[in-house]
Amino acid sequence: MKEKDVAGRPRSRIGVLAEDVIQKIAAGEVIESPASVVKELVENSLDAGARRVEVEIAGAGKELIRVTDDGEGIVPEDLPLAVMPHATSKLKRSEDLAAIHTLGFRGEALASIAAVSRLELISRPPELPHATRLTVTGGVAGEPVPAAGPPGTTVVVRELFFNTPARFKFLPSEAGLRRAVAETVARLALAHPEVAFRLLVEGEEKFVTPGDGNLGSVAVAWWGTGIARSLLPVPLEEGLAGKVSGVIGSPGVHRSNRQDEVFVLNGRVIESRSLAVAVERAYESLLPARRFPLAVLRLELDPAAVDVNVHPAKREVRFRDEAACFRLVHFACVRALQQSGTAAKTLAGDLQAPGGGFVRPSGSHLPAGRAAAPAGARGESSRPGELPLGLLETAREAGEGVEEVGAVAEGRAGLVGKGPAAAGLGTELPLRRALEELRVIGQFHRTYLLGETSGALWLIDQHIAHERVIFEELQEEYDQAGGRGERVVQELLLPVTVELPPALAAALPARPAARDETPPGAKAAAATARSGASAPLSFWEEMERLGFRCEPFGPGYVLVRSLPVAWRPLGGSPGEAQGTGRDRRYGEGLAAALEAAFAEAWAAWSGEKVGSDGAPWEVAGRRRILATIACHAAVKAGEPLEESQMKELVTMLARTRHPFSCPHGRPIVVEIPLSDVERRFGRPVSR
Ligand SMILES: Nc1ncnc2c1ncn2[C@@H]1O[C@H](COP(=O)(O)OP(=O)(O)OP(=O)(O)O)[C@@H](O)[C@H]1O
Ligand SMILES: [Mg+2]
C-alpha cells in the first residue's frame, strides 16, 4: 500500500534515479554561494507543499543557513537517501523529464550542499509523533536519530565551504552575500504569495510576508508601500502559449539594472532575456535611456511546452514557442500600461481598500508591532528619489548605488494621485477622465498649467506635456509615412535655410533625398521595401519620412521645404509654422529652431547605437530623433501661454496614449488632492 501524507495524498518516496535518467539531466549542480543554498532549500520546501517558510542566516550565510518549513516532511527511512546524489522523490523515469511539475527534479541539491558543509536535516512528517535528525559532514552521513521538532522539515547548513577553501575565498563581500540572499528570498516570495515567508538576517527580521495569496502584500513587504502603490496590475492575459498575470511598475519608477524584473514560470523563478525585452519594449518611450522597469510576471504554461532541464542551476528554461511567450508577455504589459490612466485600477486603490485585492500583511506569525508596520510600510515617509527602507538597506550596506525612483513612486503625486475619493476601490476618478474634465485655472511660474477637478488641484508641466503630444503625433505621422501612401506635410511657402554641423552636412546625399514629384516618405518607404523591411534608413531618410524635406544648399547648408504637421505653434493650425507667431520657434525663429533641432537629432541618432531595452538600433535611434524634435517643437518652460493655448494643450494631452509621462520618463502631471490642501490649512478633511 502506498503511504499517505497527512493530507491524505499519496506520498512519493525517495528513490535513486536510474543511470539513463541521470545521464539525461543537465547536471553539475554547483553550490556557489549562500544564496544558491537558500534557493535550493526553499524550493524543496515549496515542493513539499509548505505554507510557511522561515529562512535564517548568520555570518552572511557562511556560518549558518537555516530553512524551516511546515511541509510534508521526509519519512525517517528516506532521510539518508535525501542527501544522496541522484536520489529524488520527484522524478522516476526519463519520460517524466518531458513535463516537470516540481521545482526540483535532479535529486542533487541536498547532496551538493552536504558535500561542502556541515548539514543537519531534521524532518517530521505530520503523521508521525516525532522528528528524526540526520547529520552529514562534508558529504559523510551519520545515523538518523530521533529528535524533537514540529511537523515539517528544517535544514541547517553550517560552515559552508569549510572543506573547499578556494570557493570560500572567492565569495563576495558579506554585504553582497546578504543582499543576494535577501533578493533570492524576495523573488521566491513574489513567486509564491500564498506562502508566508520570514527572513532573519544576523538575528534581525528583514522581510515578512503574510502568505495571503496577494502579490500586492509581498510587493509592500519587499519594495515598500510607496513603490507598491505605484505598481500597475497586469490582468490575466491568455494566449496560445499560456497565461500571464502580475504587476509592472509605473513608468515613473525605474532601476539601473534588471534586478527588479522578476519572471515566474509555473512557480519557478527564472531568468529570461527574451521576456525581459518583451516587458521593456512595452515601455517604449516611457522610460529614460538605460533604465529598467519593475515587473513581477507569473506565467503558466503547459509543463510540456517548456524545458527546465537545460541549466545546471535550473535558472534558465527553453520555451517550445519562445515567440508566442514573448508576444503574450509584451501585449499583457502594453495593455496594462495603456490602462494605467485609470488610477482606480492601480494597486493604489486596492491598497487603501481593505477587503480589496491588495491588503497589508497581517500574518498571524508576524511579531507584535510588525503586523501594522511591515518592513516596507516605513517607506511611506520616503521622499521622491529616496528608497523606502526595509530590506533595501542590505543593498545600501553593500555600498552599491541604490536605485533612484521617480517622483511618481511616492504615490502622492503623479500617476497614482490619492484623491479623496481614493478611499474605495473603483471610486477614484480615472486620471484620464480627470484630464478631460480639468478646468484650467491659469499658469504658474510660466511653466506649469494649473487646473482643478472636483477633488484635486493639478499641475501640468507645459513643456513636457507638449513634448508628449508632439512625440505621439510625430510617431503617428512617421508610421503613416511608412505605409503605402502619401500623407500630409506642412509645405513651407518660403523654404528655410538651415546651417548644419559639418558631419551632418557631409552625410547629406549630393542629390536631394526627395524631389517634388515624389511624395514625401514614399521614397524612404521604397528604400525600405527595396532593401528588406529591416534595413535601416539613413538619418536623412528618417528625417524625410518624418516630414522634413531637405535639399543641399551650398556647403554646410540645407534648404528645408516642408515640416511635419506636428511642428506648429500651440493652438495654431498646420501651415502656421511660418506665420508671424509670437513664438520663438516659428516665424523668424524657425530657422534657428530647426538648426538646433537638426543638430541635436543628429547627435542623438549617431550616438550609441543600442536601445536601452535591447531595441534594434535604428528603432532606438529613430525614437531619439522623435524625442529630440518633439522637445524642440514644444513650448518651453517660462513661456507665457494664453488661456486658449492652455486649454488646447490639456485637450491634446488627454488624447495621448501615455498622458502621464514624457518620452524621457519624467512625470507630466502632478495631482494635489483637496484633502492635502485642507490638511495644510488645518481644516477638517472633507470626504
Ligand atoms: N524540505 C523538504 N521537505 C520534504 N522533503 C524534502 C525536503 N527537502 C528535500 N526533500 C526530499 O529530499 C529529496 C532530495 O532533495 P534535493 O533537493 O536534493 O533533490 P530534488 O529536490 O529532488 O531535486 P533538485 O536537485 O533538482 O533540487 C527530494 O526529492 C525530497 O523528496
Ligand atoms: Mg531540491
For Ala196, distant residues with modelled amide H under 5 Å away: Arg52, Val53
Packing-based order for 218-227, 32-41, 497-506, using average beta carbon neighbours within 10 Å, highest first: 218-227, 32-41, 497-506
Calculated FRET efficiency for the pair Glu643/Leu493, C-beta based, R₀ 25 Å, to 0.05: 0.30
Under 5 Å, built H, 5+ apart or other chain: amide partners of Ser89: Gly15
For the range 212-225, Karplus couplings with θ = phi - 60° (6.51, -1.76, 1.60), whole Hz, Gly/Pro x: 8, x, 9, 4, x, 5, 6, 4, 5, 5, 8, 9, x, 5
Amide H within-cut-off set for Ala131, under 5 Å, with H built and near neighbours excluded: Ala147, Gly149
Contact order relative to length of the range 232-345, as percent, for alpha carbon pairs under 8 angstrom and 6 or more apart: 37 percent
Relative contact order computed over the range 125-267 (Cα-Cα under 8 Å; 6+ residues apart), in percent: 11 percent
Residues of the range 15-171: accessible area per residue with a 1.4 Å probe, Å²: 41 Å²
The range 119-127 - phi-based ³J(HN,Hα) in whole Hz, Karplus 6.51/-1.76/1.60, Gly and Pro as x: 10, 10, 10, 10, 9, 9, x, x, 7
For the range 198-269, Kirkwood radius (reciprocal of mean inverse C-alpha pair distance, Å): 14.1 Å
Cα gyration tensor, the range 263-344 - rounded (a/c under 1.5), prolate or oblate: prolate
Packing-based order for 92-98, 652-658, using average beta carbon neighbours within 10 Å, highest first: 652-658, 92-98
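The values are calculated or read from the model by the stated rules, or taken from the named source; none is laboratory data. Note that this is a predicted model, so its numbers are computed, not measured. Methodologically, a virtual Cβ is constructed for each residue, glycine included, from the backbone with ideal geometry; neighbour enumeration extends over all protein chains shown. What goes into the accessible areas is simple: the full protein's heavy atoms, side chains included, and nothing from ligands, DNA or RNA. Shrake-Rupley method; radii C 1.70, N 1.55, O 1.52, S 1.80 Å.
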